[in-house]
Each structure stands twice: as structure tokens, then as C-alpha cells.
Amino acid sequence: MSWRTVVIASRCKLDYKMGFMVVRAEETKKIFLDEIAVLLIENPAVALTGCLLEALVAKKIRVIFCDAKRSPNAELVPYYNAYDCSRKLKAQIAWSDDLKGAVWADIVAEKIRKQADFLNDLKNTKEALMLQSYLAQIEHRDATNREGHAAKVYFNALFGMDFTRSEENAINAALNYGYSIILSAFNREIAAHGYLTQLGIFHDNMFNHFNLSCDLMEPFRILIDRKVKSMKFTDLTGAEKRYIISILHETVTINHTKQTVLNAIKFYCRSVFDALNEGDLSLIQFYSL
């Protein structure tokens, strides 16, 4: 089972040879592809061969490319993953609005519940109780936007009353970096199951290629929030980024077993698809810490 997150930060050439990714720089190193879960290309000057790209796709390895500021801005998404893509797409298109609205309400409730738990851990009892009160107010498809109200209370409690998610600062840069890593993991799982990331159950932006990923990842955002809150930093450097990425290999509980976050995303995605296809919300499995 793949488990390594490999970050390529310096200029080099990446090649493929006999099951290994070959890193050619001042020194040549080899990494067994079966060990790699995520390949993060931080330096735009890195060169990759077509043979390696083909092998990465075949191994279903997440490949994320960064821009000149070393922020994730693209990823490698295969055209085909599941053998029965056509059947899955027909099922996805047939999911009813009522069912999608009910699933979205469950996802929002779980997200707010985890936000409240985090605030309790931080001794922000007043704000945690406010978020818990929102849980009873969630309607079908979150028609009253409890998610938005909860987010304002939550982020102000975490980072101060003057904090906004639109501001350009180190905290938002760290949050966005972490969210993009989680989003990429969801993109891979959704595609691997044969579904389209563009067709969401709630998000419906015509310019967003990852509407469904944005839907499903919501309860996992809190893992990044916890990481960023624990950091003492004024700038998002390579060390801080490594610390954020490490969340993928930390352990949570799902389906009564201990799993890495990467594996938990697999369990969770599969359970949501089962719920949507079977019309049974009880099939959804959320993680716990």
C-alpha cells in the first residue's frame, strides 16, 4: 500500500526505470513507485518524462504541481480510472435533488459538529455552544445557511475578531495550502470510483472543475484548521508546508478502525457514494479523532 508523500523542491529531472521514479540532480536517487501516495512538484523547473507520467497514472499516484510561489495550482487527473465509468456517470446524473440535499445537510452537520468539538478543545465554550445550537437548525440542503453562520463564529474564535478568510496573510495562505492538498486527495478518490468531480451535490459553479470534491471534503477541512492553529509562524515556508502535508499520514478512526487520513478519505468517499446509490443516509461513515 502506498504511504509516502514525496516533495520535489529543487530543480531536477524525474524519470522512470523498472518500477522506480529516478530523481536525477547532483545526486541520483530512486524511489519505489508502489510506496508513493502523493507526489508534490514544488519547483516549476522540474522536468518529467512521458514514461514517468504514464507510470504515475497507472499507479494512481496523486501528482500536484505548484506555481512559482510554490502554491499548488494544478494536478494530474487521469481520463479513466474505474472500469465501469459509464455506469457510474449514469448513476451520478440520476441522483435525485432530494437525496443530494439530504446528504449535503448531513455533511454540513458533521462539519459544524467537528468545528464545535475543536472550539471545545480550545476552551472556546461560548462559541462551541453557539455552533452546537446550529445543528438543530439545519434544514434540507442547508437552506438557512447554517454552514456560513457557523464559519464566521468559528474562524473569529480561532484567529480573532478581525480575521477574515479573504485577507492575504500567512494564516490564510497556510489554510489554502492545506485545503488544496485535501482537495487533491478527494479529486483522486472521486475519479478512481468513476464519478465526475464537476457534478456536485451542492456546489454548482460552472467554472469549478471540482464541485463534488468541494462538497465531500468539508468535514476534513477541520484537520487542516487544527494543524494551522497549532503552528507558530509569520511566513509560510517549506518547513511549515511539510508540517501541513504531514496530516495526510496521521491517524483517525473510521469504520471502527484506525486509518491514515488518506485511507479515511477512501472509506468516506465510498460510503457517500453507497448512500447516494442506495438512498440510505445511514451508510455514510465519518471519521473521528
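The values are calculated or read from the model by the stated rules, or taken from the named source; none is laboratory data. Just so it is clear, the structure is predicted and the values come from calculations on it, not from any experiment. We place every Cβ from the backbone using ideal geometry, glycine too, and count neighbours over all the protein chains shown. For the accessible areas, the whole protein counts, side chains as well, though only heavy atoms, and no ligand, DNA or RNA atoms are used. Shrake-Rupley method; radii C 1.70, N 1.55, O 1.52, S 1.80 Å.
Does the range 227-250 contain at least one residue that is in a helix (DSSP H, G or I), basic (Lys, Arg), in contact (Cβ under 8 Å) with a residue 24 or more places away in the chain and crowded, with 20+ Cβ neighbours inside 10 Å? For the range 227-250, residues in a helix (DSSP H, G or I), basic (Lys, Arg), in contact (Cβ under 8 Å) with a residue 24 or more places away in the chain and crowded, with 20+ Cβ neighbours inside 10 Å: present. Scoring residue 180 on the criteria (1) among the hydroxyl-bearing types (Ser, Thr, Tyr); (2) within 20 Å of residue 108 (Cα to Cα); (3) not in a helix (DSSP H, G or I) leaves a single failure, condition (3).
Quick check, is residue 65 in contact with a Phe, Trp or Tyr (Cβ under 9 Å, 6 or more places away or on another chain) and either open to solvent by 50 Å² or more (accessible area, probe 1.4 Å) or in contact (Cβ under 8 Å) with a residue 24 or more places away in the chain (or both)?
Values: in contact with a Phe, Trp or Tyr (Cβ under 9 Å, 6 or more places away or on another chain): no; either open to solvent by 50 Å² or more (accessible area, probe 1.4 Å) or in contact (Cβ under 8 Å) with a residue 24 or more places away in the chain (or both): yes.
For residue 65, the condition - in contact with a Phe, Trp or Tyr (Cβ under 9 Å, 6 or more places away or on another chain) and either open to solvent by 50 Å² or more (accessible area, probe 1.4 Å) or in contact (Cβ under 8 Å) with a residue 24 or more places away in the chain (or both) - is not met.
Selection of the range 145-188 for residues being without any contact (Cβ under 8 Å) to a residue 12 or more places away in the chain, over 20 Å from residue 231 (Cα atoms) and open to solvent by less than 20 Å² (accessible area, probe 1.4 Å) yields an empty set. The numbered conditions (1) part of a loop (DSSP other than H, G, I, E, B); (2) more than 30 Å from residue 277 (Cα to Cα); (3) open to solvent by less than 30 Å² (accessible area, probe 1.4 Å) are all true for residue 82 except (2). Could you list, in sequence order, all residues of the range 189-206 that are buried (at least 18 other Cβ atoms within 10 Å of the Cβ) and farther than 14 Å from residue 85 by Cα? Listed by number, the residues that qualify are 200, 201, 202.
Reported count of residues in the range 271-282, each being over 14 Å from residue 91 (Cβ atoms) and part of a helix (DSSP H, G or I), is 3.
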